[in-house]
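These notes are about the structure you will find just below.
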Number of protein chains: 2
Amino acid sequence: MSDRDPPFRPDRRRLLTGAAAAGGALIGARMAMAQTAAGTPDPAIVNLPPWTRYLGDGVDARPYGMPSQYEAHVVRRHVPWLTADPISSVNFTPLHELDGIITPNGLCFERHHGGIAEIDPAQHRLMINGLVHRPLVFTMQDILRFPRENRIYFLECAANTGMEWAGAQLNGCQYTHGMIHNVMYTGVPLRLLLEEAGLKGSATWILAEGADAAAMTRSIPIEKAMDDCLVAFRMNGEALRPEQGYPLRLVVPGWEGNMWIKWLRRIEVGDQPWGQREETSKYTDTLADGRSRRHTWVMDAKSVITNPSPQAPIRTGPGPVVLTGVAWSGRGTIPRVDVTLDGGINWHRARISGPSLDKSMHRFYFEFDWDGRPLLLQSRAHDSTGYVQPTKEALRAIRGENSIYHNNGIQTWAVNEAGEAENVEIS
Amino acid sequence: MSDRDPPFRPDRRRLLTGAAAAGGALIGARMAMAQTAAGTPDPAIVNLPPWTRYLGDGVDARPYGMPSQYEAHVVRRHVPWLTADPISSVNFTPLHELDGIITPNGLCFERHHGGIAEIDPAQHRLMINGLVHRPLVFTMQDILRFPRENRIYFLECAANTGMEWAGAQLNGCQYTHGMIHNVMYTGVPLRLLLEEAGLKGSATWILAEGADAAAMTRSIPIEKAMDDCLVAFRMNGEALRPEQGYPLRLVVPGWEGNMWIKWLRRIEVGDQPWGQREETSKYTDTLADGRSRRHTWVMDAKSVITNPSPQAPIRTGPGPVVLTGVAWSGRGTIPRVDVTLDGGINWHRARISGPSLDKSMHRFYFEFDWDGRPLLLQSRAHDSTGYVQPTKEALRAIRGENSIYHNNGIQTWAVNEAGEAENVEIS
């Protein structure tokens, strides 16, 4: 591990694949000669691209805007063979097509168990009942009368990278790591709503329940509920998207996504966990000896290189490459990410750019000059508690290979001479 | 001005417009009795809302997601009489429907002068020419080989609030203040590209030029170009939207939006400003005596209350109200926002929630218990340089009423007993 690698010094002669401007043979330049229909050279206009020659759409054309037609490939994707039916399934965030730390709402991965509930907010209610002094029902208007907060958090499904326990399976970080997104939530601290109802002395757990056809339920200890949970109604400024729980979702910072109950309709307060399906038969971690760990809620530090990766090969040949990826931890911030180009022989410290926020995605970069030879790319996140992302080997030594959840092992991409990347494991 | 206002203490009996849960007469509850077709009471199912009774769309339905049908009113809007044609016009961000500090890409206001250029990124080039040692042409692939950064910035049109110089005109913060948005940009520091071309000693200005049909051009001093400008290709994680300059836009932090050249195709380096249309006949500030100030690039500290406001009245009657709004400064951060409920007799310190970032939007809140009497709402931003947002009266005393641009005066909303708000001026 070297913290004193030289700064980025690309070979400047290889930086540009476009032409030098000398001579002016470039798009939009006015020196190009061409024949008009009348046979007269018209140097000023003919070689301009259509977007410079014609007026485009006006400001009345798109009340709610969408991406360029040239970005039509940047979408959430699902894997049909992964589940029996798309109604209870998952799709994946196209991490390899994104940058920075904000996931745009239209690309946030989806996981639902009974399809997308399409809720009329005027009809929606949130009930708080159980071990409280005053059971309450809130309308959406009621919720909006409580003080609210704005915080950026990652949400990662516990099953993210779950297919990889038995070895390299899926070819693309969208599929191996795309069950995560990172947005700014606006919501009311759950603590304020519980205080409004008045917790009884015996209150030690809550059960959060969704209004979708699956009526998803999860138990959460009262300490977490009273700490940093939000009852959120906005993501990235606008209303929650239907597939993310519109009009209300529980935000459980740093904890597995399944607990972030969407379409939130009820909070029951109790004195023990309920032992519902999603915390017994599912979302427990089966060990090598067949026993299962439960209540493994926190998402530990993890990272992945998003470019280069199988869906995003090096297309520019040898020379400068911007390696980039994302890192996160359910226990705090990410002060440091290391990357290796040679499967762990040499580690380099990556550069983190963008806000470093608690339980939020971090963006890292490592710029290097590629000599065109094969690479074994890995990234390794360190979180603010000092925890270091483990190898898959180290993880399996403790957890076996029976699990589906909480695989935060180091990911390896093998890059060949053509710049193509593949999901591999090395030991 | 009191910095020692009591903390928010709502009258708890008035907080809830929904019913108390006693008796269980609530949506999703299973105690409701109803008759099935066969005449048998079916307490478990009949009273559940449709979204709980039926499976919804699966994960294959929406590769790129959109807002709920119940949010169809949350759109950019334009004012037809404001300009001769929507091709060269503006629409407005629905600030009153947003929260937090991120503007979702689909709702970022648009201003263009020749319609939306629909550029094929494979055909797009960026040229750097003029007083440089090596004129260059960059493809998009070239740009992606330089180190990049992620920063959240507001972009405000210099004409934002421009209709209000002669008095209160437009009824709604979407129209008075909606020529602003705030997103995370990913881009290459312009400095790196200029260094790649090699600035000659005489270089003191750049001209940035767009590839749209208007071929928008603006002069920018070299100090700014070498400081914090970005050549950006992503906003909020994904590719720039077409109406925001896809595939490349110049980001000029804190300076008027017109300088943030969209569809960026050329940077010419020179030794004096070019005096183009958009920096002579437009985007100069005409004073009372007919002279014009030019090069008034920085957007000074400003704020507006977004709720309550004319488009977002108080709908819940007397009792707890969450007043909220946004504040920003082209010179730094916003450490403090004051609000008044009585037209400036008493000022209260607002609470800022969310990241406080340089030249980025800030979100403020002030929770109060409304007694149902008329209100005169104002907000006043303080920026990190110590500058305080002025009254419109103070602004007009210096700048007259001939201007269109740089109106950052304090906005007043009058709220009546019914909770309806109106754009007014008080003196």
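Where a number appears in this text, it was derived from the coordinates with a stated rule and is not lab data. Keep in mind that what you see is a predicted model, and the values were worked out from it rather than measured. Note: ideal-geometry Cβ built from the backbone for every residue, glycine included; neighbour counts use all protein chains shown.
The charge dipole of region A:302-424, taken about its Cα centre with unit charges on the Cβ atoms of Lys, Arg (+1), Asp and Glu (-1) only, comes to about 500 debye. The separation of region B:126-162 from region A:127-150, counted between C-alpha centres, amounts to 47 Å. Comment: the Cα-to-Cβ extended label point of B:A397, at 7 Å, lies 7.5 nm from its counterparts in the other copies, nearest first. Karplus-based coupling profile of region A:157-163, in residue order and whole Hz: 5, 4, 8, 4, 6, x, 6, with θ = phi - 60° in 6.51 cos²θ - 1.76 cosθ + 1.60 and x standing for Gly or Pro. Placing unit charges on each Cβ (+1 for Lys and Arg, -1 for Asp and Glu) gives chain B a dipole about its Cα centre, and among B:L194, B:N160, B:A232 the Cα reaching farthest toward its positive end belongs to B:L194. Its Kirkwood hydrodynamic radius, worked out from the mean inverse distance over all distinct Cα pairs, puts region B:302-424 at 14.9 Å.
Could you work out which residue, out of B:A312, B:A72, B:A397, moves most in a Gaussian network model of chain B, that is, has the largest mean-square fluctuation with Cα springs under 10 Å? Greatest mean-square fluctuation among the candidates belongs to B:A72. Only helices enter the 222 nm calculation for the protein assembly as shown: every DSSP H run of n ≥ 4 contributes -39,500 (n - 2.57), and dividing by all residues gives -2000 deg cm²/dmol, rounded to 500.
Tell me, B:D120, A:D300 in order of fewest to most beta-carbon neighbours within 10 Å?
With the fewest neighbours first, B:D120, A:D300 line up as B:D120, A:D300.
Roughly how many debye, to the nearest 20, is the charge dipole of chain B about its Cα centre, given +1 on each Lys and Arg Cβ, -1 on each Asp and Glu Cβ, and no other charges?
Values: 44 positive and 47 negative charges, 102 e Å.
Using Cβ point charges on Lys, Arg, Asp and Glu, chain B gives about 500 debye.
Under 5 Å from the amide H of A:E110 lie the amide H atoms of A:N91, A:F92, each residue being 5 or more positions distant or on a separate chain, with H modelled from the backbone and absent for Pro and chain starts.
What the phi angles of region A:106-117 give under the Karplus curve with 6.51, -1.76 and 1.60, with θ = phi - 60°, is a coupling list of x, 10, 5, 3, 10, 9, 9, 10, x, x, 7, 6 Hz, glycine and proline written as x.
Would you mind working out the magnitude of the charge dipole of the protein assembly as shown relative to its Cα centre, with +1 at each Lys and Arg C-beta and -1 at each Asp and Glu C-beta, to the nearest 20 Debye?
On the way: 88 positive and 94 negative charges, 130 e Å.
Roughly 620 debye for the protein assembly as shown.
Summarising the amide proton neighbourhood of A:L240: residues at separation of 5 or more, or on other chains, whose placed amide H is nearer than 5 Å comprise A:R234, A:M235.
A 18 angstrom limit on the alpha carbon distance is what I want to check against. Which of A:K224/A:K302; B:K224/B:K359; A:K224/A:K392 exceed it? The partial results should precede the final answer.
Numbers: A:K224/A:K302 22 Å; B:K224/B:K359 14 Å; A:K224/A:K392 29 Å.
Distance filter (> 18 Å) returns A:K224/A:K302; A:K224/A:K392.
Provide B:S303, B:S88, A:S292 in ascending order of the number of other Cβ atoms located within 10 Å of each residue's Cβ, fewest first. Each step should come with its number before you reach the end.
Values: B:S303 28, B:S88 17, A:S292 14.
In order of increasing Cβ crowding within 10 Å: A:S292, B:S88, B:S303.
Identify which of A:G187, A:G317, A:G201 has the largest mean-square fluctuation in a Gaussian network model of chain A, with springs joining Cα atoms closer than 10 Å. It is A:G201. Rounded to whole numbers, the Karplus 3J(HN,Hα) couplings from phi for region B:229-237 are 5, 10, 9, 9, 10, 10, 10, 6, x Hz, using 6.51 cos²θ - 1.76 cosθ + 1.60 with θ = phi - 60°, and x at Gly and Pro.
Build a GNM of chain A with springs between Cα atoms under 10 Å apart, and of A:L170, A:L82, A:L323 the one that fluctuates most is A:L82.
Take A:A288, move 7 Å from Cα toward the beta carbon, and the resulting point lies 8.5 nm from the same point in each other copy, nearest first.
A label point on B:Q69, set 7 Å along the Cα-to-Cβ line, lies at 2.9 nm from each of its counterparts in the other copies, closest listed first. Here the residues A:C108, A:C229, ranked from fewest to most Cβ neighbours within 10 Å of their Cβ, fall in the order A:C108, A:C229.
Once backbone amide H atoms are built at 1.01 Å from N, A:G354 has B:N150 as its partners under 5 Å, excluding neighbours fewer than 5 places away on the same chain.
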